[in-house]
Amino acid sequence: MERTEADLIAAVLKGDAASFEPLVEKYSPRVFAMARRYARRESEVEDIAQEVWLKAFEKLSSFRGEAPFEHWLMRLALRTCYDSLREHQRNRETTFTELSEPEEVWLDRFLTDPGSSDENADAARQLVNRVLERISPTARLVITLAEIEQRPMKEVARLMGWSVPLAKVRAFRARAEMRKVLSRMAKDKYL
Amino acid sequence: MKLNQLHQKLIEAARTNLPSDAVPYAFPKRIMARLPGRTATDPWASWSHALWRAAATCFAIMLLSTAWTFLAPHHAAPGTDLSQEFENTLVAAVGQDQPADSAW
């Protein structure tokens, strides 16, 4: 008979560490997908995922079973990604001289004729990652959750442990911050 | 304004770029190998178990004491009972301080 998540968690808390493995197998794809959203390089992804699971094991006693285990785990994963972003925060004053050629071409095309640039192009995806790397960790997190993943503000607030008004304020500031980066990028080009 | 359009276009580009959920080979095994030495036990649960064990021990001692009280051989002097002995003990000091003919 297959053991439920509650059984597995209870067994781990009683000292049976082996019962943790089915949980790792089941939820690792979601943890990796989230880590890839925030990591700058693929080499960081596994470190983040590993940290998430080790924290989950150590803090498992704080899981009270009021919400699904997945929600608890993803919130922990998000906090770990946020901590990782803050740890690796880079100087955001750098210019955009290091744009790759396809990115520059895409941006040129957009600035001359916005309708002709395709949002499905790889260059656009690389460019948005570059922009996200230049905004603050908080702004990046809010933009990712609220705009890219299109989560409701209530959920963003719940995931980050913020109040809804605070999440709204931070979303407003995040958009302003992203716009500032875009503005500088566009000015660096032609405007 | 172009800036708004650029913002929107880049957000749409990011939406189409779903991150992969691929898990490296043997990742769960590597996590499991790192667990020994770490603890997942709940300190409050351990405290609670300790309290229950102590409560069970106290209950057993209480039962043994009760049984011993009822079953032990009775060595009291004839004509005296526990209440009489208790009263004598309690007023012993008073009895010594009072003159023999004093009345209460």
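Nothing in this text is a laboratory measurement; each read-out follows from the coordinates by a stated rule. Please read these numbers as outputs of a predicted model, since none were measured by experiment. Using ideal geometry, Cβ is built from the backbone for each residue, glycine included, and neighbour counts are taken over all protein chains shown.
Summary table
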{"read-out": "Alpha-carbon centroid distance for the pair region A:122-185 / region B:1-60, whole angstrom", "value": "23 Å"}
{"read-out": "Two-decimal Rg to Rh for chain A - Kirkwood Rh, Cα set", "value": "1.06"}
{"read-out": "For region A:9-77: Kirkwood Rh in Å [reciprocal of mean 1/r, alpha carbons]", "value": "12.5 Å"}
{"read-out": "Rg/Rg_globular for region B:11-76, with Rg_globular taken as 2.2 N^0.38 Å and Rg from C-alpha atoms", "value": "2.74"}
{"read-out": "Cross-link partners of A:Lys59 among aspartates and glutamates (Cα-Cα below 19 Å; sequence separation of 8 or more within a chain)", "value": "A:Glu5, A:Asp7, A:Asp16, A:Glu21, A:Glu25, A:Asp47, A:Glu51, A:Glu70, A:Asp83, B:Asp42"}
{"read-out": "Stokes-Einstein D for region A:104-169, Kirkwood Rh over Cα pairs, 10 °C, 1.306 mPa s (µm²/s)", "value": "118 µm²/s"}
{"read-out": "Label point distance in nm, A:Asp83-A:Glu155, each placed 7 Å from Cα along Cα→Cβ", "value": "2.5 nm"}
{"read-out": "Inter-chain shielding of A:23-31 (mean C-beta neighbours from other protein chains, 10 Å cut-off)", "value": "4"}
{"read-out": "Helix-only [θ]222 nm of the protein assembly as shown, DSSP H runs n ≥ 4, -39500 (n - 2.57) each, per residue, nearest 500", "value": "-22000 deg cm²/dmol"}
{"read-out": "Cβ-based charge dipole, the protein assembly as shown, positive-most Cα from A:Trp162, A:Gly115, B:Ser65", "value": "A:Gly115"}
{"read-out": "Likely footprinting exposure, B:Arg34, A:Arg175, A:Arg134, fewest C-beta neighbours within 10 Å first", "value": "B:Arg34, A:Arg175, A:Arg134"}
{"read-out": "Violating pairs (Cα-Cα greater than 19 angstrom) within the set A:Lys26/B:Lys29; A:Lys180/B:Lys9; A:Lys180/B:Lys2; A:Lys187/B:Lys2", "value": "none"}
